[in-house]
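The values are calculated or read from the model by the stated rules, or taken from the named source; none is laboratory data. Worth saying up front: this structure is predicted, and the values here are computed from it rather than measured. Glycine gets a Cβ as well: all are built from the backbone with ideal geometry, and neighbour counts include every protein chain shown.
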Amino acid sequence: MTSVGGTEMVDWKLAVATATRLVRPGPEVSRGEAREVVAELRRHARSSEEHVRGFTGMAPPEAAAGNGDTPVLVVDRAGWIKANVAGFRALLGPLLEKMQDRRSNMPGGAVFGTVGGKVTGVELGMLLSFLASRVLGQYETFAPVTGDLPGAPAGGGRLLLVAPNIVHVERELEVAPHDFRLWVCLHEETHRTQFTAVPWLRDHIQGEIHTFLAETDVDPATLLERIRQAAQSFAGGNPPQEEGGGGRSIVDLVQTPAQREILARLTAVMSLLEGHADYVMDGVGPQVVPTVAEIREKFQKRRASGAGRLDAALRKLLGLDAKLRQYRDGERFVRAVVDEVGMDGFNRVWTSPNTLPTKAEIAKPADWVARVHGRTEA
């Protein structure tokens, strides 16, 4: 699917090997402690289902029979890398096919493919090695089954909990380990509930992403240059600068007005999903996580500060600063709507793609309430 003459545009195996080799080692734990952490995270993932569903009023259609369609996997950093490379490979297929056709018509395209695929694989691996030590958990909306990572039989999602990262952060913040692990599970379980309780949501997002990729007009050399810029920053070089001094994000592949519109819709949806998860984890927290206030305060400071100049540059380059804004703006939207119309009124957001908030409505929740509920501010 992504090769010309047997040469892949991205050497995915090399990306996995590079990321696995470069990723930072996790915290030191004994075998016994590691087993206890894994077992506790699995217990918390199961118990979080009931907490989240009770608080939100959301439940998958198959709730009575259990939620076997979305497996929960407790993984190490290498496992997270493998899962995400598989996801990228599946999701980026349409874009790579388009670039493949363009490359086949280029002078020296075969040579470019041999060299470019390996270069891109190495550089993608470098980026993943950076991210792999920072992600606590992830609901994989698009989770292809691999030999060592089972997926949903009906093509649904997969929930990953990255055990070494959770242990690292709880130690760094000096918070109660049991409370922090449950708190993280509440956030990730909310994402799983969003997609299992709203069957159309996955197809809607996938459709938007595929439409976005189909509109992409980027030649292979340009894409390689974007990834190379990120890799140079990772190695300590100077990040590329936009006019005005801000770093340029890899997601700045947008070339057309149509793509900007799609990206605005996707940004609004992701803000909703992330903000809703933050709202739920803090809403459930006081009932089941005694130290939730302390955890939230310390975690917010950590989330906002990063780990220094290089970390800040990479977060900007990879678009992670935008993700931080999604947490903040989305949580503010959910809180304002629930305060105005209650949880049942907020849940009308899941009715159809037409009831999802726009990017403008995320910033002005009253506008969403007015459009969906017919209410206006007094």
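Brief remarks follow.
- Among the candidates Q287, Q300, residue that is over 21 Å from the mean Cα position of the chain (by Cα), modelled with pLDDT under 95 and in a helix (DSSP H, G or I): Q287
- Every listed requirement among (1) modelled with pLDDT under 95; (2) surrounded by fewer than 18 Cβ atoms within 10 Å (Cβ to Cβ) is met by P353 save one, (1).
- Here M58 passes the criteria (1) part of a helix (DSSP H, G or I); (2) in contact with a Ser or Thr (Cβ under 8 Å, 6 or more places away or on another chain); (3) of a type outside the set (K, R); (4) at pLDDT 85 or above except the one numbered (1).
- Any hit, region 91-112, residues being at pLDDT 85 or above, under 22 Å from the mean Cα position of the chain (by Cα), buried (at least 19 other Cβ atoms within 10 Å of the Cβ) and under 30 Å from I209 (Cα atoms): no
- Test: residue in region 65-87 that is assigned to a helix (DSSP H, G or I), modelled with pLDDT under 85 and touching a helix residue (DSSP H, G or I) at 6+ places or on another chain (Cβ under 6 Å): no
- All conditions but one from (1) over 17 Å from Y279 (Cα atoms); (2) loosely packed, with under 14 Cβ neighbours inside 10 Å; (3) of a type in the set (D, E, K, R) apply to R371; the one that does not is (2).
- Matching entry among V198, V175 (being in contact with an Asp or Glu (Cβ under 7 Å, 6 or more places away or on another chain), of a type outside the set (D, E, K, R), within 30 Å of P286 (Cβ to Cβ) and in contact (Cβ under 8 Å) with a residue 60 or more places away in the chain): V175
- Single unsatisfied condition, E50 versus (1) more than 30 Å from G342 (Cα to Cα); (2) at pLDDT 80 or above; (3) among the acidic types (D, E): (1)
- Near pairs, Cβ below 6 angstrom, 6+ apart or cross-chain, from region 49-77 (more than 29 Å from H168 (Cα to Cα) and of a type in the set (D, E, K, R)) to any residue that is in a loop (DSSP other than H, G, I, E, B) and at pLDDT below 60: D69/A154
Matching residues to (1) part of a helix (DSSP H, G or I); (2) on the phi < 0 side of the Ramachandran plot; (3) modelled with pLDDT of 65 or more:
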| site | (1), (2), (3) |
| --- | --- |
| R315 | yes, yes, no |
| A336 | yes, yes, yes |
| D339 | yes, yes, yes |
| P357 | no, yes, yes |
| D367 | yes, yes, yes |
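- Subset of region 7-49 (residues that are of a type in the set (S, T, Y) and outside any helix (DSSP H, G or I)): T7, S30
- Pair list, Cβ < 9 Å and 6+ apart or interchain, from region 256-270 residues that are more than 14 Å from D329 (Cα to Cα) and charged (D, E, K, R) to residues that are modelled with pLDDT under 85 and assigned to a loop (DSSP other than H, G, I, E, B): R260/V254
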